[in-house]
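The values are calculated or read from the model by the stated rules, or taken from the named source; none is laboratory data. Predicted model only: the values in this text are computed from it and were never measured. Cβ sites come from the backbone with ideal geometry, for glycine too, and all protein chains shown count toward neighbours.
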Amino acid sequence: MPPIETPYDERIQRLRNRINKKPGPALQARLRLAKLRRKKYNYIQQNTPEDIPFSARAETTIAQARRNLQATQADIAGRRLAVEQQYGFGADQSNPFSVARMLEQNYHNQRRATLNAMARQGQLYAGSLSNARAADRFNFERSLDEAQREYQAQLADLSRAELAAQLDFEQAQDQARLQALEDAMNAPLPPAPKAPNFKKQIKRLQKRIRQRQRKRRRKNVQNIPYSGGVA
């Protein structure tokens with residue numbers, strides 16, 4: 001039997017075609033697709049006259065999708081922690097060789113090198129020392145800004161991957177539930193219960209009716225007055 005038609009089928013199909021034509025994450029389109037699937041599921045559920053029976057196949061599919069989501073989330077959490085340790089900008093700044101620590105150490109080394117160079121040239125109290133220190137500070141802040149941008153970009157990629165995994169789970173869950181609803185709606189009706197056999201009861205009732213009719217005829221014959229003479 002064909003699947004159940006809903007007001008959301010055409011929009012879901014258009015979004016599918018748009019996502020297939022443009023390769024890439026397309027998170028906004030996939031988010032709209034997940035919302036439309038949820039609306040379709042709610043529509044079918046509200047227009048189902050009876051409770052949906054348990055579907056082992058749907059529950060298995062949802063459980064597998066949930067395990068995939070949990071595995072992806074655990075992997076992304078580990079990668080996020082590794083990025084924080086690598087750059088030293090997040091909650092975990094314990095790595096002494098992080099990008100932020102190395103940039104800061106290089107900056108202090110460069111300041112000492114600039115100071116020593118100016119001292120050898122006899123320009124400790126000249127304006128050129130201030131200019132050199134300003135240049136060192138500018139280079140440090142520029143490198144720090146580049147590192148922060150790279151750090152934020154990697155975190156953004158991880159957030160997009162996490163959102164995509166969540167959308168994949170919701171899509172698989174809604175699809176499994178929709179399939180369970182459609183299977184329940186399109187399932188053949190159970191056979192009608194077999195009518196009870198009343199033949200014996202009918203025969204007994206007919207026998208009683210005949211017996212009563214005979215008794216009634218006998219009474220009627222006995223109640224007829226005798227009108228003949230003496231024999």
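Brief remarks follow.
- Scanning segment 135-161 for residues that are among the aromatic types (Phe, Trp, Tyr) and closer than 29 Å to Asp75 by Cα yields one hit, Tyr151.
- Residue selected from segment 1-24 under the condition surrounded by 15 or more Cβ atoms within 10 Å (Cβ to Cβ) and outside any helix (DSSP H, G or I), by the criterion modelled with the highest pLDDT: Tyr8
- Residues in segment 65-78 that are touching a residue at least 12 places away in the same chain (Cβ under 8 Å) and out of contact with any Asp or Glu (no Cβ under 9 Å at 6 or more places or on another chain): Arg66 alone.
- Pairs, first more than 15 Å from Arg133 (Cβ to Cβ) in segment 101-119, second among the hydroxyl-bearing types (Ser, Thr, Tyr), C-beta under 7 Å, six or more apart: Leu103/Ser143
- From the list Arg133, Arg101, Arg149, the lone residue that is at negative phi and surrounded by fewer than 13 Cβ atoms within 10 Å (Cβ to Cβ) is Arg149.
- Remark: pairs (first residue in segment 154-183, basic (Lys, Arg); second residue buried (at least 17 other Cβ atoms within 10 Å of the Cβ); Cβ separation under 9 Å; 6+ apart in sequence or on different chains) = Arg177/Tyr41; Arg177/Ile44; Arg177/Ser55; Arg177/Ala58; Arg177/Ile62.
A quick yes/no check of all residues on (1) modelled with pLDDT of 90 or more; (2) under 30 Å from Thr6 (Cα atoms); (3) in a helix (DSSP H, G or I):
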{"position": "Pro49", "(1), (2), (3)": "no, yes, no"}
{"position": "Ala58", "(1), (2), (3)": "no, yes, yes"}
{"position": "Ile76", "(1), (2), (3)": "yes, no, yes"}
{"position": "Val83", "(1), (2), (3)": "yes, no, yes"}
{"position": "Asn116", "(1), (2), (3)": "no, no, yes"}
{"position": "Phe138", "(1), (2), (3)": "yes, no, yes"}
{"position": "Ala153", "(1), (2), (3)": "yes, no, yes"}
